[in-house]
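Below you'll find the structure, written out as structure tokens, and then a few comments.
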Amino acid sequence: MKQTTHSLSEQELLKTYSAKDVSFTMISVRGGTFVMGARDGEKRSYSEEKPPHQVRLPDFYICQTQVTQELWQMVMGSNPSRFKGLRNPVEQVSWSDCQRFIKSLNNIFHEKFRLPTEAEWEYAARGGNQSRKYLYSGSNQIDDVAWHFDNSTSAPHAVAQKNPNELGLYDMTGNVSEWCSDWYDSSYYMFSPTDSPLGPDTGSFRVIRGGSFSDRANSCRAVCRSFLWPTGKLSTTGFRLAMDA
């Protein structure tokens with residue numbers, strides 16, 4: 001087991017973790033203030049994406065890719081995915097399954113990995129403080145950055161095959177949708193705090209973000225919100241790691 005840290009630029013710091021020939025990389029996201037949600041006048045937006053509101057976040061780390069099947073299998077000893085492939089994102093995992101995986105991963109690396117909050121997820125997907133305000137994560141042309149309904153052949157693909165976004169993150173649009181830590185509330189944006197929102201205190205569903213290989217382009221926009229019950233398992237849903245800086 002090893003961890004290596006090296007600097008790429010003033011804006012970006014990588015932490016790479018390796019065990020049993022499986023590795024993954026966490027990318028530093030500089031904190032900042034951004035407008036979360038669909039902008040006024042944005043076409044084909046939904047009510048749960050509004051109102052646009054200011055959010056302020058501290059620095060954090062987020063994984064460069066979705067959690068792969070090889071990483072899940074190394075940690076958990078099994079592979080629940082429908083669409084097998086070691087470098088494919090793991091899917092068919094519930095929010096609760098993700099918590100068990102993260103607990104085991106933290107024991108291996110003595111870290112404090114977690115799911116990203118919904119605010120962290122959107123900020124990172126939109127490029128953080130390097131954002132170019134794209135419609136999808138990294139481009140206004142969805143085929144450049146995502147596997148989605150029109151190009152995926154109805155299956156997920158190996159991670160990091162499309163272009164990354166401004167922060168060097170892959171597949172935040174499409175491939176598989178991603179669990180966030182928050183409870184879901186369609187009206188949460190109306191009363192969300194400005195500083196580091198964590199979502200509602202309780203709920204029936206957990207937030208999922210990013211759209212998937214089976215979604216059409218409008219459901220893959222960086223601001224689009226969705227949800228699933230915490231024990232739900234879909235072949236279209238996986239997750240990505242985060243941790244505090």
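Only one of (1) of a type outside the set (Lys, Arg); (2) crowded, with 21+ Cβ neighbours inside 10 Å; (3) closer than 28 Å to SER186 by Cβ is not met by HIS157, so which one is it?
Failed condition: (3).
If I ask for residues that are in a loop (DSSP other than H, G, I, E, B) and either out of contact with any strand residue (DSSP E or B) (no Cβ under 6 Å at 6 or more places or on another chain) or of a type in the set (Ser, Thr, Tyr) (or both), which ones from region 48-59 would you list? Full working, then the answer.
Applying the first criterion (in a loop (DSSP other than H, G, I, E, B)) to region 48-59 yields 50-52, 58-59.
Residues satisfying the conditions are LYS50, PRO51, PRO58, ASP59.
Pick out the one residue from SER186, SER204 that is assigned to a loop (DSSP other than H, G, I, E, B), touching a residue at least 24 places away in the same chain (Cβ under 8 Å), touching a Pro at 6+ places or on another chain (Cβ under 9 Å) and of a type outside the set (D, E, K, R).
SER204
Specify the residue that is surrounded by the most Cβ atoms within 10 Å (Cβ to Cβ); the eligible residues are those in region 190-201 that are in a loop (DSSP other than H, G, I, E, B) and hydrophobic (A, V, I, L, M, F, W, C).
Residues of region 190-201 in a loop (DSSP other than H, G, I, E, B): 191-194, 196-201.
Subset that is hydrophobic (A, V, I, L, M, F, W, C): 191, 198.
On the way: PHE191: 10, LEU198: 14.
Going through the qualifying residues, I end up with LEU198.
Kindly indicate which of SER204, SER187, SER214 is in contact with a helix residue (DSSP H, G or I) (Cβ under 8 Å, 6 or more places away or on another chain), polar (S, T, N, Q) and surrounded by fewer than 20 Cβ atoms within 10 Å (Cβ to Cβ).
Numbers: SER204 fails: in contact with a helix residue (DSSP H, G or I) (Cβ under 8 Å, 6 or more places away or on another chain); SER214 fails: in contact with a helix residue (DSSP H, G or I) (Cβ under 8 Å, 6 or more places away or on another chain).
It is SER187.
Could you grab the pairs with beta carbons closer than 9 Å, sequence gap of 6+ or different chains, first residue in region 35-47 and part of a strand (DSSP E or B), second one among the aromatic types (Phe, Trp, Tyr)?
Hits for this filter: MET36/TYR123; MET36/TYR189.
List pairs: first residue in region 95-108 and in contact (Cβ under 8 Å) with a residue 60 or more places away in the chain, second residue hydroxyl-bearing (Ser, Thr, Tyr) and crowded, with 20+ Cβ neighbours inside 10 Å anywhere in the structure, Cβ distance under 7 angstrom, at least six positions apart or on different chains.
none
Within region 183-201, can one find any residue that is of a type in the set (Ser, Thr, Tyr) and within 18 Å of ASN88 (Cβ to Cβ)? Show your work before the answer.
First, pick out the residues of region 183-201 that are of a type in the set (Ser, Thr, Tyr): 184, 186-189, 192, 194, 196.
Right, trim to within 18 Å of ASN88 (Cβ to Cβ) and you get none.
No.
Go through region 73-83 and report how many residues are crowded, with 17+ Cβ neighbours inside 10 Å and touching a Ser or Thr at 6+ places or on another chain (Cβ under 8 Å).
Total meeting the criteria: 3.
When you scan region 216-231, how many residues do you find that are under 24 Å from ASP40 (Cβ atoms), out of contact with any Leu (no Cβ under 8 Å at 6 or more places or on another chain) and part of a loop (DSSP other than H, G, I, E, B)?
Number satisfying all stated conditions: 3.
Hey, among the residues in region 1-19 that are modelled with pLDDT under 95 and charged (D, E, K, R), which one's surrounded by the most Cβ atoms within 10 Å (Cβ to Cβ)?
Residue satisfying both the conditions and the ranking: GLU12.
Out of curiosity, is SER219 surrounded by fewer than 21 Cβ atoms within 10 Å (Cβ to Cβ) and without any contact (Cβ under 8 Å) to a residue 24 or more places away in the chain?
On the way: surrounded by fewer than 21 Cβ atoms within 10 Å (Cβ to Cβ): yes; without any contact (Cβ under 8 Å) to a residue 24 or more places away in the chain: yes.
Answer is yes for this residue.
(1) over 24 Å from GLN141 (Cβ atoms); (2) not in a loop (DSSP other than H, G, I, E, B): which one isn't true of LEU234, the others all being true?
Result: LEU234 passes all but (2).
The values are calculated or read from the model by the stated rules, or taken from the named source; none is laboratory data. Everything quoted here is computed from the prediction, not taken from an experiment. Neighbour counts run over all protein chains shown; Cβ positions are idealised from the backbone, glycine included.
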